[in-house]
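**Q** Below are the structure tokens for one structure; questions will follow.
The values are calculated or read from the model by the stated rules, or taken from the named source; none is laboratory data. Model, not experiment: these values are computed from the prediction. Using ideal geometry, Cβ is built from the backbone for each residue, glycine included, and neighbour counts are taken over all protein chains shown. In case anyone asks, the SASA skips ligands and DNA or RNA and just uses the protein heavy atoms, side chains included. Shrake-Rupley method; radii C 1.70, N 1.55, O 1.52, S 1.80 Å.
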Amino acid sequence: STAKLASKDVRSKVTFDDVAGLKEAKIEIMEIVDFLKHPETYTKLGAKIPKGVMLVGPPGTGKTLLAKAVAGEAQVPFFSLSGSEFVEMFVGVGASRVRDLFKQAKEKAPSIIFIDEIDAIGRARGKVNALQSNDERENTLNQLLTELDGFGTNTGVIVLSATNRADILDKALLRPGRFDRHIYLELPTKQEREAIFKVHLKPVIKGSDVDISLLASLTPGFSGADIANMCNEAALIAARKARKQVDQEDFLEARDRIVGGLERKGKLISSKE
Ligand code: ATP
């Protein structure tokens, strides 16, 4: 299993340029990059570098992207794990997986551990997921708490986690020395959507009638992931029509498809804009 885990040590190529909008979140997370690159600036003054940071926000707002950007900017290895992986695990596997992950990350320090969907492990006790034995989930959670408490501050390992359900988390996870720092990500504003379109349209051959500002106006409630999907969908539509470029009408058709999908999932809430 060590060989399998070693493959989780990925050098991230994502940088802050790939992350559009999220200005506040980027400023806050920039600090983490500095902790990893220049720990002595902090430790020589007797400061303790935080161990755990939780990224909180709706699905598709760029939590994973931001975590990878931290690793990419700091040029440190990125070890990741998704809470949902644990749902299907056999008894005892979850806890040992967590133990292995921390061991590997410490060996490769400075490094980043990213735990996506931490709510799947860290749901408050009693709120049982029907698919998973609660005992097994609790074992995994306890192992995670043990690991977080066991490594000192200033070991060069920073643990980032992500959730869209901070409200259901076990309070034990949020105590000082654990995930005591929170960074909030929101759905993008019109201006931010425009910036996200620009990132995702870079590789796309656009027709001269493509109006990014209008596309941003027509997509309230879209997350960054929805916009990335829409750009790709538009390119697929244009390719199917055997066109040489992607035109505004292709984007509008793609938008309608994404809106349809979001409505079916009940995700499109009326926008404030
Ligand atoms: P989930 O909660 O569903 O795991 P997430 O918040 O982790 O979602 P990501 O996986 O980071 O979201 O986003 C999915 C994809 O959407 C990214 O790989 C990227 O292509 C695009 N995306 C999301 N947010 C942004 C953004 N702010 N700028 C550019 N692209 C974005």
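**Q** Could you tell me which of Ser111, Ala234, Ile183 has its Cα farthest along the dipole of the stretch 93-242 towards the positive end, charges placed at Cβ (Lys, Arg +1; Asp, Glu -1), taken about the Cα centre?
**A** Checking the options against the dipole of the stretch 93-242, the answer is Ser111.
**Q** May I ask you to order 36-42, 238-244, 250-256 by the average number of other C-beta atoms within 10 Å around their residues, highest value first?
**A** 250-256, 36-42, 238-244
**Q** Another one. Please give the residues of the stretch 189-223, grouped as numeric ranges, whose backbone N is less than 15 Å from a label point set 7 Å along the Cα-to-Cβ vector of Leu252.
**A** 207-219
**Q** So if I place +1 on the C-beta of Lys and Arg and -1 on the C-beta of Asp and Glu, and nothing else carries charge, what would the dipole magnitude of the chain be about its Cα centre? I want it in debye, nearest 20.
**A** Value, rounded to 20: 380 debye.
**Q** Are there trypsin sites (Lys or Arg not before Pro) in the stretch 45-109 that DSSP puts in a loop and that have at most 12 other Cβ atoms within 10 Å, and which ones?
**A** Hits after loop and neighbour filter: Lys48.
**Q** If you don't mind, another one. What whole-number value in Å² describes the accessible area per residue of the chain for a 1.4 Å probe?
**A** On a per-residue basis, the chain sits at 50 Å².
**Q** Next question, about the same structure. In the chain, what % of DSSP beta bridges are antiparallel (nearest 5)?
**A** Counting only bridges with both partners in the chain, antiparallel ones make up about 15 percent.
**Q** Per residue, what volume in Å³ does the convex hull of the Cα atoms of the stretch 197-237 enclose?
**A** 71 Å³
**Q** Kirkwood Rh, Cα Rg: Rg to Rh for the chain?
**A** The Rg/Rh ratio comes out at 1.01.
**Q** Arrange the residues Val70, Val204 by how much accessible surface each exposes, largest first, with a 1.4 angstrom probe.
**A** Of Val70, Val204, the descending order of accessible area is Val204, Val70.
**Q** Take peptides 147-158, 167-178 and line them up by average Cβ neighbours within 10 Å, highest first, as a rough protection proxy.
**A** Answer by packing, highest mean first, reads 147-158, 167-178.
**Q** For the pair Thr41/Gln75, report the inter-label distance in nm, with labels modelled 7 Å from Cα in the Cβ direction.
**A** 1.6 nm
**Q** Then there's this: At 222 nm, what value in deg cm²/dmol follows for the chain if DSSP H runs of at least 4 each add -39500 (n - 2.57) and the sum is divided by all its residues, to the nearest 500?
**A** Calculated from helices alone, the mean residue ellipticity at 222 nm is -14000 deg cm²/dmol.
**Q** Same structure again: Under a crude label model (7 Å from the Cα following the beta-carbon direction), how far is Ile27 from Ile205 in nanometres?
**A** 4.2 nm
**Q** What FRET efficiency, computed as 1/(1 + (r/R0)^6) with R0 = 30 Å and r the Cβ-Cβ distance, is obtained for Glu263 and His182, rounded to the nearest 0.05?
**A** 0.45
**Q** In Å and whole numbers, how far do the C-alpha atoms of the stretch 196-273 stretch along each principal axis, longest first?
**A** Taking max minus min along each principal axis of the Cα atoms, the stretch 196-273 gives 35, 22, 17 Å.
**Q** Only four residue types carry charge here, +1 at the Cβ of Lys and Arg and -1 at the Cβ of Asp and Glu. Report the dipole size of the stretch 132-273 about the Cα centre in Debye, rounded to the nearest 20.
**A** 340 debye
**Q** Sequence gap at least 6, Cα distance under 8 Å: using those rules, report the relative contact order of the chain to the nearest whole percent.
**A** Reported relative contact order: 23 percent.
**Q** So if each residue of separation counts as 0.36 nm, and I subtract the Cα-Cα distance between Thr146 and Ile168, what length gain in nm does that give?
**A** Value of the extension gain: 5.9 nm.
**Q** Bin all alpha-carbon pair distances of the stretch 133-273 at 10 Å intervals from 0 and give each bin's fraction as a whole percent.
**A** Taking every Cα pair in the stretch 133-273, the percentages come to 10, 30, 20, 19, 16, 5.
**Q** Measure of size requested: the Rg and Dmax of the stretch 132-178, with Cα atoms as the atom set and Å as the unit; please supply both.
**A** Spelled out, the Cα radius of gyration and Dmax of the stretch 132-178 are 11.9, 35 Å.
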